[in-house]
Amino acid sequence: MQGDLATFPLPILTFLLSSVASGLIWRADLGQVWANRFFASFFLVLAVGALMVGLRFGYGVDQFIPLQRALPLFAGPLVYLGFACFAVGSGRVPRLALIHLGIAVLIVAVAPIAFADLLDLDVIVALSYLVYAGLLLRLWGRGSNGLPHARIESASALRRWMLGAVALLVVFALADTAIALSFAAQRTGDAMSLISAGAVVMAMGLIVVIVTVSKGGGRFTSQVTVVRTKPEPDADALEARTRALLLDTQLYLDTELTVDRLAKRLQVPSRALSLAINQVKGMNVSQYVNDFRLDHAAKLLAEGQSSVLEVMDQSGFLTRSNFYREFQRRFDMTPAAYRDVAKRGQSGI
């Protein structure tokens, strides 16, 4: 073996964890098949890159150095495309992917000619990280309205994960630049230390991703908080139409419901719908729809014999944690406690 042996197990650990994360996300229920593919591919890129680092510095296998240097060019586009799926919808995703991944392929193709010095390619990789961090930040800045193709209760969680992705890409840019400069200055020891530290941080982050995806069944759900503003003209009328549609059709029971789909049923722009609900009811569309689901769940708990989990499934909720959290918010008690109170009331106790 060559190099610092302490650095070898860490990249291999990163490879294993990234592979697990890729597999879990491929099978996860994110609401957009394209998102599954892009996120899984992103973690696969991390896995292959980590394996090459481990082989290079652990066993002196250096035949794949050009590929190891070029592979990170695909990391930024893949993670950005994963989130962009919820903004543009599946119909526009192939064209968007062709543009962003095509640029990465073009850079890799011309790299042997344009970047004779591998340090130049490292600079391009770092810039790529920063560019896509900026694109993600811009997408995040659009708010929940900027993700109309996400499930109703998922937009807020997606935005939180988006900020995590921004931070990750910035860290990648800084770390890769520091490692490349260390090698260029022939400070191999510093470079190896940076690689080891980066592998530790990466492993910790991957464990968080794996645990989160495993616990949530691969679904993005979260509580949302918004600020009520003064209603605009016609906002009350649009909210009333939305309420009537949801009550008449029980569309709120559809777990695949998105703001975009609901807005299309009402024949209004998704932003107009979100703004009207926020202004009239002082809540996000997610909480608004969840209130209908909670009323439905409360009725089932009071009148039926189904278990709490069965009630959750019958009321349009995706995860137990989100159901319990939202139920507690609305009724200030757990579903089981609500059932007990309702049954006692019916029996006159």
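When segment 257-284 is filtered for residues that are buried (at least 23 other Cβ atoms within 10 Å of the Cβ), in contact with a helix residue (DSSP H, G or I) (Cβ under 7 Å, 6 or more places away or on another chain) and at pLDDT 85 or above, the ones remaining, listed by number, are 259, 262, 273, 276, 277. For segment 299-321, the count of residues that are among the basic types (Lys, Arg), open to solvent by 20 Å² or more (accessible area, probe 1.4 Å), closer than 25 Å to residue 87 by Cα and within 24 Å of the chain's Cα centre (by Cα) is zero.
Could you tell me which of the residues 98, 127 is over 19 Å from the mean Cα position of the chain (by Cα) and modelled with pLDDT of 95 or more? Testing whether each residue is over 19 Å from the mean Cα position of the chain (by Cα) and modelled with pLDDT of 95 or more leaves just 98. Screening residue 299 against (1) modelled with pLDDT under 90; (2) charged (D, E, K, R); (3) farther than 23 Å from residue 149 by Cα leaves a single unmet condition, (1).
Inside segment 288-319, can you point out the residues that are of a type outside the set (A, V, I, L, M) and over 28 Å from residue 239 (Cα atoms)? Result: 303, 304, 305, 306, 307, 310. Whenever a residue of segment 168-191 is among the small types (Gly, Ala, Ser), its partners that are open to solvent by 60 Å² or more (accessible area, probe 1.4 Å), lying with C-beta atoms within less than 7 angstrom and at least six residues away or across chains, give the pairs 173/130; 175/194; 178/194; 182/190; 182/194. Taking the conditions exactly as written (closer than 24 Å to residue 208 by Cβ, among the basic types (Lys, Arg) and under 27 Å from the mean Cα position of the chain (by Cα)), does residue 37 satisfy them or not? Yes. The number of residues in segment 55-89 that are open to solvent by less than 50 Å² (accessible area, probe 1.4 Å), touching a Leu at 6+ places or on another chain (Cβ under 8 Å) and not hydrophobic (A, V, I, L, M, F, W, C) comes to 5. Only one of the numbered conditions (1) in a helix (DSSP H, G or I); (2) within 26 Å of the chain's Cα centre (by Cα); (3) crowded, with 17+ Cβ neighbours inside 10 Å is violated by residue 238, and that is (2).
Reported count of residues in segment 186-233, each being β-branched (Val, Ile, Thr), in a helix (DSSP H, G or I), at pLDDT below 85 and crowded, with 16+ Cβ neighbours inside 10 Å, is 2. Considering 292, 331, 327, the condition of being over 24 Å from residue 28 (Cβ atoms), open to solvent by 30 Å² or more (accessible area, probe 1.4 Å) and either at pLDDT 85 or above or in contact with a Ser or Thr (Cβ under 8 Å, 6 or more places away or on another chain) (or both) is satisfied by 331 alone.
The values are calculated or read from the model by the stated rules, or taken from the named source; none is laboratory data. Just so we're clear, the structure is a prediction, and the values are computed from it rather than from any experiment. For neighbour counting, all protein chains shown are included, and Cβ atoms are generated from backbone atoms with ideal geometry for every residue, glycine included. The accessibility values were calculated without ligands, DNA or RNA, using every heavy atom of the protein model including side chains. Shrake-Rupley method; radii C 1.70, N 1.55, O 1.52, S 1.80 Å.
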